[in-house]
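Contents: one structure, followed by commentary.
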Amino acid sequence: MKECVVLSGKGGTGKTTIIAALAHLAAETRRLVLADADVDASNLELLLAPEEQERHDFVGGQVAEIDADLCRNCELCVTICRFGAISYRDDRITVDPLRCEGCAACFYACPSGAVEMVDRVSGQWFRSETSLGPLFHARLSPGQENSGKLVTQVKMTAKLTAAQSGADLLLVDGPPGIGCPAIAATTGAQMALLVAEPTVSGVHDLGRVLATTRHFRVPAFVCVNKADINRAKCEEIAQLCRDQDVPLLGEIPFDPMMVETLVQLRPVTSEPESPAAKAITALWRELEPRLA
């Protein structure tokens, strides 16, 4: 089983649109498992019309709670909390769960054992079925942290399902950027497809994500989306790929059909004669042999 993660150094490059189209093509010859590792803004499901099969809570950490019956209002926990999460008001000690970092310093310091660390549900992860194969995705609650941990949960569950079902390809829709979620999505992959756009920020952030995949020793390949809107920047991306000895597998033109199929919640390859669909099909022909 091969694992390919699709990344972009920035948001808005068309990464999810392209991976939906690649999955549509790959499903013709391969058994697929799909994972949407962009847990802060999961939207691969919008294009694949999944039917939810399982839903699980994600525990991202713990938060302190005060047992009022045991608390002696000594205020030691107020003094020791570095995050200002504990305060004395209305004749009792209270914890602000939004400020609590779950460090448990108050738990260990409390002389009366009034502090308890309880699990904090930070989001949910799902297993759904699509016409292309099972899809694992998640939703991190607003303001919650540990998105890298949730990405790992999604990926590891998807890999286990792929191994058990005999799938030969795991396609991972990675998050934008180069932070912890992107690192978690990249770890363990056999290859990475990097989607770039021909803009100033697109060129800059492609360089950053190339450095990330190189650091983790994941072979990278590049494609340029909306390549014809700025030929000068597209050539700059091509030169960057030549300088770093990274294969540039394809260029996808700007195509209004991409927008039309998005509105209809379909991958653009469902319109095989459109310019974008033809370019993505050519991209898949370049990518598929590298998955052998």
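The values are calculated or read from the model by the stated rules, or taken from the named source; none is laboratory data. In this text the structure is predicted, and so the values were computed from the model without any measurement. Cβ atoms come from the backbone with ideal geometry, glycine included; neighbour counts cover every protein chain shown.
Overview of results
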item: Residue, surrounded by the fewest Cβ atoms within 10 Å (Cβ to Cβ), within the range 182-193, restricted to residues that are over 21 Å from LEU48 (Cα atoms) and of a type outside the set (Ser, Thr, Tyr); result: GLN190
item: Answer residue from the range 1-45, given it is among the β-branched types (Val, Ile, Thr) and in a loop (DSSP other than H, G, I, E, B) and is farthest from ALA184 (Cα to Cα) among those; result: THR29
item: Selection status of GLN144, assigned to a loop (DSSP other than H, G, I, E, B) and either in the same structural domain as THR29 (by TED's automatic domain parsing) or within 20 Å of ALA68 (Cβ to Cβ) (or both); result: yes
item: Contacts under 9 angstrom Cβ, first residue in the range 250-269 being of a type in the set (Phe, Trp, Tyr), partner at pLDDT 90 or above, 6 or more apart; result: PHE254/ASN225; PHE254/LYS226; PHE254/ALA227; PHE254/ASP228; PHE254/ILE229; PHE254/PRO275; PHE254/ALA276
item: Top-ranked residue of the range 166-181 - restricted to ones that are in a loop (DSSP other than H, G, I, E, B), in contact (Cβ under 8 Å) with a residue 40 or more places away in the chain and of a type in the set (Gly, Ala, Ser), ranked as surrounded by the fewest Cβ atoms within 10 Å (Cβ to Cβ); result: GLY166
item: The range 227-238 residues that are in contact (Cβ under 8 Å) with a residue 40 or more places away in the chain, paired with ones that are not in a helix (DSSP H, G or I) (beta carbon under 6 Å, 6 or more apart); result: ILE237/ALA196; ILE237/VAL224
item: Set THR13, THR29: member being out of contact with any strand residue (DSSP E or B) (no Cβ under 6 Å at 6 or more places or on another chain) and among the hydroxyl-bearing types (Ser, Thr, Tyr); result: THR29
item: Flag for LEU283 being assigned to a helix (DSSP H, G or I), touching a Cys at 6+ places or on another chain (Cβ under 8 Å) and either at pLDDT 95 or above or outside the structural domain of LEU171 (by TED's automatic domain parsing) (or both); result: yes
item: Scan of the range 86-115 for residues that are under 10 Å from ILE66 (Cα atoms), in contact with a Leu (Cβ under 8 Å, 6 or more places away or on another chain) and surrounded by fewer than 16 Cβ atoms within 10 Å (Cβ to Cβ), ordered by number; result: GLY113
item: Residue match in the range 66-75 (condition: in contact (Cβ under 8 Å) with a residue 40 or more places away in the chain, assigned by TED's automatic domain parsing to the domain that holds PRO198, of a type outside the set (Asp, Glu) and in contact with a Gly (Cβ under 8 Å, 6 or more places away or on another chain)); result: no
item: Residues located in the range 49-79, provided they are among the aliphatic types (A, V, I, L, M), closer than 18 Å to ARG99 by Cα and either in contact with a strand residue (DSSP E or B) (Cβ under 9 Å, 6 or more places away or on another chain) or assigned to a strand (DSSP E or B) (or both); result: VAL59, VAL63, ALA64, ILE66, VAL78
item: Residues satisfying the stated conditions in the range 126-153, i.e. in contact with a Ser or Thr (Cβ under 7 Å, 6 or more places away or on another chain), surrounded by 23 or more Cβ atoms within 10 Å (Cβ to Cβ) and either at positive phi or among the aliphatic types (A, V, I, L, M) (or both); result: LEU135, ALA138, LEU140
item: Matching residues, the range 126-151, being within 16 Å of the chain's Cα centre (by Cα) and farther than 23 Å from CYS100 by Cα; result: PHE126, ARG127, LEU135, PHE136, HIS137, ALA138
